[in-house]
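Below you'll find the structure, written out as structure tokens, and then a few comments.
The values are calculated or read from the model by the stated rules, or taken from the named source; none is laboratory data. This structure is a prediction, so every number in the text was calculated from the model and none was measured. Methodologically, a virtual Cβ is constructed for each residue, glycine included, from the backbone with ideal geometry; neighbour enumeration extends over all protein chains shown.
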Amino acid sequence: MFKYSQACCSIPPVVSSGYEKKGKYIELNGLKTYVTGPETASEAILIIYDIFGYFDQTIQGADIIASSDPEKKYRVFMPDFFDGEPADISWYPPQTDEHKQKLGEFFQTKAPPPKTLSRIPGIVDAANKLAPEGGSGFKAWGILGYCWGGKIVALASAKDSLFKVGIQVHPAMVDAKDASHVTIPMAFLASKDEDAEEVKKYDAALNVPHHIQTWHNQIHGFMAARGDLADPEVRKEYENGYKTVIGFLREHL
């Protein structure tokens, strides 16, 4: 089942609670940014978090991606595109009209995709100055996004993309029309909560090397803020998801 997980890596034991980050926060092009992975890494990954911002599960995922492949290490950058004001996780899934209203307002004011897309080139330029070998820039970039961030990945993977490979993890707002514009290898890791027909249409519309996989026993967000890592089954699939990510990066970045 897990095409990319066989012997790709041996990720560290997943911590269920109280995770201690391996990286640090810096300011990058005016944004607080989580940075992890070896400073000597020649390739970089931009991670777009979900609407809940910096959660332990997402930070742990960034650390896993940065350093778990024995053959390739990455410098990983995760900017705070919400400027310290993420959505409240208690709003999702919305249980009341107030939750629905707050989520709607958040997507309109803080999370419209064009707003985030316009900030990405500045982040990449600033991060390239931190690359090894005289600051000539990283030799290649990948981009990974969770949930809402998956939509950003889809849009950032079109013609003249800054990135060599894209990965969408339980993406939101799946639209097959985006797939026809993708120009880089794309992995698409769906949960049971994504629309299965839309996932099929997205798969069929891709004209690049790609890997589409659905975790039928996991909820939207299981590899990011909504993952209950105290549940052994969730923890196992969280691990399998990250092995799949790392394997796809190894093949295409």
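Descriptive notes on the structure:
- Scanning the range 132-180 for residues that are at pLDDT below 95 and part of a helix (DSSP H, G or I) turns up Pro132, Glu133, Gly134, Gly135.
- Among residues of the range 68-127, those that are under 20 Å from Gly23 (Cβ atoms), among the acidic types (Asp, Glu) and surrounded by fewer than 17 Cβ atoms within 10 Å (Cβ to Cβ), counted: 1
- Residues of the range 139-154 that are hydrophobic (A, V, I, L, M, F, W, C) and surrounded by fewer than 21 Cβ atoms within 10 Å (Cβ to Cβ): Ala140 alone.
- Residue selected from the range 202-243 under the condition in a loop (DSSP other than H, G, I, E, B), within 20 Å of Asp175 (Cβ to Cβ) and free of Cβ contacts under 8 Å to residues at least 40 places away in the same chain, by the criterion farthest from the chain's Cα centre (by Cα): Asn207
- Residue tally, condition touching a helix residue (DSSP H, G or I) at 6+ places or on another chain (Cβ under 7 Å), of a type in the set (Ser, Thr, Tyr) and within 25 Å of His181 (Cα to Cα), over the range 201-253: 2
- Checked against the criteria, Ser42 does not count as among the polar types (S, T, N, Q), within 18 Å of Tyr238 (Cβ to Cβ) and touching a residue at least 40 places away in the same chain (Cβ under 8 Å).
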